[in-house]
1. If each of Arg287 and Arg327 carries a label point 7 Å out from its Cα toward its Cβ, how far apart are those two points in nm?
2. List residues of the range 256-300, by number, whose backbone nitrogen lies under 17 Å from a label position 7 Å along Cα→C-beta of Ser85.
3. Counting DSSP beta bridges with both partners in the range 145-212, what percentage is antiparallel, nearest 5?
4. Take every DSSP beta bridge with both residues inside the range 17-328 and express the antiparallel ones as a percent of the total, to the nearest 5.
5. Give me the distance between the Cα centres of the range 127-188 and the range 282-328, rounded to whole Å.
6. If each residue's Cβ is checked for other Cβ atoms within 10 Å, how do Ser28, Ser244, Ser85 rank with the fewest at the top?
7. Compute the Cα gyration tensor for the range 91-241, then decide on rounded, prolate or oblate, letting a ≥ b ≥ c be the square roots of its eigenvalues: rounded whenever a/c is under 1.5, prolate when a/b is larger than b/c in the other cases, and oblate in all that remain.
8. I need Cys261, Cys137, Cys270 ordered by Cβ neighbour count within 10 Å, fewest first.
Amino acid sequence: MSPLESTLTRASGIGSGLTIRGPVPERSAELWRRRQAHEYELEHPRWDWLNDGEQRNWGAFTHYVVGAGLWMTGLSGRARANANSPRLRELEFAFGHLPASFDGLRVLHMSDLHFIREPGFAERIRDLAAAVDADVCVMTGDYRRADFGPSDRAIQGMATVLEGIETPYGVYGILGNHDSHVVVEPYEAMGVTMLMNQRVVLELEGERIWIAGVDDRHAYGCDDFERACGGIPSGEFLLMLAHSPETIREAAQHGASLYLCGHSHGGQICLPGGWPILHNSRSVSRRYARGVWTYGNMRGFTTNGLGTTSLHVRLNCPPEAALITLRRRNA
């Protein structure tokens, strides 16, 4: 019996006797090599005309320009305080095909932690998670601040955050465009099941749901929906984890019921009313870059995420984790 093929029980929640099987299938050696090759290119760029130590080129340029703009308008302090004030957002999604045994399943969704040197940053996220009563936790990528360099801080930060997560049905994660493959083994040693174009199945009282995760599309092009979702029977409930909203079409084609992602930071710096100036997601409409949305028969949620890039600031776009309750909708 593999570590994931176990029977879990809890005193409260949706019930006891839940079995988790997976991940299946095996990771693609070809895609794994492709990701590592792209990572090497990021670590050794052909040109590097601007580098602030954590960002290169466009990211570093944005860092300087936005920082100067916030300083001149007197918003720097407020924007930094906003970035250090994570909140919990509670959502509920109802589905007619959700098995009755999973009615009320609580999913803690965290994304874009981008662990930084900011004192107390990881501890604040840990404390936020510790106050949440969830059945399962999913993490949709971007644990490293930069898209190059060491991942030590991402590994240490995750260890701190996991101190506050007690989800009896597991913690599942995928990689984002800022992440290196070197975090996979340490995260799995900490108890996180990393889904690299893979899936797990949760079985309870003779019924089941699936959780599938694809690798990053935005920077690496290493997503493989056929590998992650192929073989899942049509009509069964599928929770899809992706880093960005850029793969919603493929997810819908493969029968995803609920699509969870991040990447955009909700814009991070938004106009009043929360309208993102930039959403950093190619090939999809701005309406999928933040919040709750629908694509065909698939429901979706793009979180603001918990961390930041370029500058540790936020305006009109608070950092968030989400507690998502799944409900069975009666016909």
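Derivation of every value follows stated rules applied to the coordinates shown; laboratory data play no part. Keep in mind that what you see is a predicted model, and the values were worked out from it rather than measured. Methodologically, a virtual Cβ is constructed for each residue, glycine included, from the backbone with ideal geometry; neighbour enumeration extends over all protein chains shown.
1. 2.3 nm
2. 268-274
3. Around 65 percent antiparallel, to the nearest 5.
4. Approximately 40 percent, going by the DSSP bridge assignments.
5. 18 Å
6. Ordered from fewest to most neighbouring Cβ atoms within 10 Å, Ser28, Ser244, Ser85 come out as Ser85, Ser28, Ser244.
7. Oblate is the answer for the range 91-241, as a/c is 1.5 or above yet b/c matches or exceeds a/b.
8. Exposure proxy ranking, most exposed first: Cys270, Cys137, Cys261.
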